[in-house]
Amino acid sequence: MPPVAAWALVALVLVQALLAAGPAPLAGGPAAKPPLSGARPGAPGTGNDGEGPGTGDGAAAPGRVDAAIARRFAREPQITVFDHAAGGPRAMPMEEYVAHVVAGEAVPSWDADALRAQAVAARTYTVSLLLAGEQSTPRRLYGTDTSTDPAEAQAFNPVVPPPVAAAVQATRGEIVVYDGKPIVALFSACAGDRTAGLRESFPGDDRQAPYLRPVPSPCERAAPDFIRRWSVALTAGELAGVAGVAPSLVQQVSIARRGPSGRAVLVRIGPRLVHAATLRRQIGPNRLKSTYLIEIEPLEGGVWIFRGRGWGHGVGLDQWGAQAMARQGRGYREILAHYYPGTAVVQLYR
């Protein structure tokens with residue numbers, strides 16, 4: 001393989017690894033806690049001049065935002081970012097930061113509306129970090145609003161390609177809200193043919209996000225082959241380590257229960273039931289790419305082949321699904337309305 005082609009392949013794999021996980025939790029607690037805008041969605045706020053996108057079935061959702069949030073974000077904020085490459089904090093305008101995030105989370109060659117949908121989701125997540133204050137991981141660790149580490153916030157690419165800059169500019173100041181508050185703006189690389197419900201991928205999370213529910217997704221029409229379908233071999237020793245039993249007790253491995261989206265929720269490992277999200281986290285999200293398991297096949301010698309589809313937790317915006325919808329001529333507001341049904345896009349500042 002020519003050197004340029006080899007580096008291009010490596011770059012694509014690295015981008016997909018970042019896409020797979022989606023944004024990190026706000027706080028330093030269990031990884032199963034996804035970001036929320038400081039608290040549960042609250043009472044309706046006052047109006048905003050933005051008219052939101054439709055719900056999942058095309059009906060219009062009102063574009064309103066909580067009055068206190070509207071006042072706080074009447075102008076584009078300056079935010080502080082802990083730059084891990086530089087080893088210290090940086091200050092930059094919100095829109096500049098969002099452009100770097102989209103450059104790290106998306107594929108620059110995607111259609112404009114897929115990039116715009118990602119920009120609005122990334123901006124929404126960033127607003128949630130600001131509203132979380134001292135509860136956010138970057139604030140607790142560095143005293144900054146956010147960081148360049150995707151394990152602490154979102155991915156960050158120092159180079160912003162022109163298509164990404166254009167998508168951010170086209171959506172300047174826009175976020176997704178539900179009941180007047182920024183939504184839990186989760187996203188992942190590819191959800192297969194259907195997104196996951198919040199508690200399928202984040203067990204034990206009791207926060208209310210009714211828009212994070214399974215919806216059909218066309219991700220497999222756009223995603224590369226290695227994302228659409230995959231397999232991984234896991235040994236009895238690896239599985240025993242997750243289940244907390246001796247390897248000799250791992251005689252059976254099977255899917256014990258599936259959730260509303262069809263994903264595995266509980267996996268039987270010998271005598272124990274393990275949540276599939278826990279299994280994925282401990283095995284590694286870039287090995288066990290998702291919990292959307294098709295089958296688990298036993299081989300001789302204490303090895304099981306896990307076969308699945310998609311990459312990531314599958315909740316919320318499906319990034320390759322957004323690209324497939326954009327190819328079909330769907331606008332970014334329609335894409336966001338599909339993956340976050342019942343929400344609205346509002347413009348906080350111009």
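The values are calculated or read from the model by the stated rules, or taken from the named source; none is laboratory data. Remember, it's a predicted structure, so these values are computed and weren't measured experimentally. Methodologically, a virtual Cβ is constructed for each residue, glycine included, from the backbone with ideal geometry; neighbour enumeration extends over all protein chains shown.
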Worksheet item: Could you say which residue among ILE296, ILE305 is touching an Asp or Glu at 6+ places or on another chain (Cβ under 6 Å), surrounded by fewer than 24 Cβ atoms within 10 Å (Cβ to Cβ), in a strand (DSSP E or B) and in contact (Cβ under 8 Å) with a residue 12 or more places away in the chain?
Response: ILE305
Worksheet item: Any residue in the stretch 158-165 that is assigned by TED's automatic domain parsing to the domain that holds GLY331, part of a loop (DSSP other than H, G, I, E, B), touching a strand residue (DSSP E or B) at 6+ places or on another chain (Cβ under 9 Å) and surrounded by 16 or more Cβ atoms within 10 Å (Cβ to Cβ)?
Response: no
Discussion item. Any residue that is under 16 Å from the mean Cα position of the chain (by Cα), under 30 Å from GLY241 (Cβ atoms), assigned to a strand (DSSP E or B) and not aromatic (Phe, Trp, Tyr) - is there at least one of those in the stretch 317-332?
Written reply: no
Worksheet item: When residues of the stretch 329-350 are filtered for being farther than 21 Å from MET94 by Cβ and touching a residue at least 12 places away in the same chain (Cβ under 8 Å), how many remain?
Response: 9
Discussion item. Pull out all pairs, ordered by first then second residue, where Cβ-Cβ is under 9 Å, the residues are six or more apart or on different chains, the first lies in the stretch 230-242 and is among the aromatic types (Phe, Trp, Tyr), and the second is surrounded by 15 or more Cβ atoms within 10 Å (Cβ to Cβ) and in a strand (DSSP E or B).
Written reply: TRP230/PHE306; TRP230/GLY308; TRP230/ARG309; TRP230/TRP311
Discussion item. Looking only at the stretch 310-332, how many residues end up being surrounded by 24 or more Cβ atoms within 10 Å (Cβ to Cβ) and among the charged types (D, E, K, R)?
Written reply: 1
Worksheet, complete the sentence: Just one listed residue, out of ARG207, ARG258, ARG263, is closer than 30 Å to ALA132 by Cβ and at pLDDT 95 or above, and it is ARG263
Worksheet item: In this structure, does THR291 turn out to be at pLDDT 95 or above, of a type in the set (Ser, Thr, Tyr), surrounded by 20 or more Cβ atoms within 10 Å (Cβ to Cβ) and in the same structural domain as ALA209 (by TED's automatic domain parsing)?
Response: no
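Evaluate the stretch 334-344: report whether one residue or more is within 23 Å of ALA106 (Cα to Cα), in a loop (DSSP other than H, G, I, E, B), aromatic (Phe, Trp, Tyr) and out of contact with any Leu (no Cβ under 8 Å at 6 or more places or on another chain).
Residues of the stretch 334-344 that are within 23 Å of ALA106 (Cα to Cα), as a first pass: 334-341, 343-344.
In the following step, the residues that additionally are in a loop (DSSP other than H, G, I, E, B) were identified as 340-341, 343.
Next cut, aromatic (Phe, Trp, Tyr) only: 340.
Those still in the list that are out of contact with any Leu (no Cβ under 8 Å at 6 or more places or on another chain) too: none.
Scanning the stretch 334-344 turns up no residue that is within 23 Å of ALA106 (Cα to Cα), in a loop (DSSP other than H, G, I, E, B), aromatic (Phe, Trp, Tyr) and out of contact with any Leu (no Cβ under 8 Å at 6 or more places or on another chain).
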Worksheet item: Are there any helices (runs of 4 or more DSSP H) wholly within the stretch 83-150 with 3 or more residues that are among the β-branched types (Val, Ile, Thr) and under 18 Å from the mean Cα position of the chain (by Cα), and if so which?
Response: 94-105, 112-132
Worksheet item: Only one residue in GLY47, GLY56 is surrounded by 13 or more Cβ atoms within 10 Å (Cβ to Cβ), over 20 Å from ILE335 (Cα atoms) and modelled with pLDDT under 50, so which one is that?
Response: GLY47
